[in-house]
Amino acid sequence: MRSNITGIFFLPVSLKGAKPWRNTGDKRIHDKAVKIVMSILRDPSKGLGNPKVVKELKGGWCREIDKDHLIMYWVDKNHLTLLDFREEET
């Protein structure tokens, strides 16, 4: 599915989840997260980070930044909502 996304929204919790990466200066995680968001904008269901449907959240997806971190997002028509940047639960 090719993207027609015209707007991006960040939930406050998503920014809170990304804050530790900024504070520690982990540029590698930050840079990969930016690349993944750009990939989501191109195509929400394909691309970097191994996109997976989140069954508990209608329209929800997640992608891996690395083995320990992921991005959760929701796509609705022309809008992308970044729900959370978090460490994966084991």
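Numbers for the structure displayed
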quantity: Protection proxy ranking, peptides 37-43, 61-67, average beta carbon neighbours within 10 Å, highest first; calculated: 61-67, 37-43
quantity: Full-extension gain in nm, Asp68 to Ser45, via 0.36 nm per residue minus C-alpha separation; calculated: 6.2 nm
quantity: Phe10/Leu57 FRET efficiency (R0 22 Å; Cβ-Cβ; nearest 0.05); calculated: 0.85
quantity: Packing-based exposure ordering (other Cβ within 10 Å, fewest first) of His69, His30; calculated: His30, His69
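Read-outs: derived from the displayed coordinates by stated rules, not from any lab. A quick note: this is a predicted structure, and the numbers were derived from the prediction, not measured. FYI the Cβ positions are ideal-geometry reconstructions off the backbone, even for glycines, and counts take in every protein chain you see.
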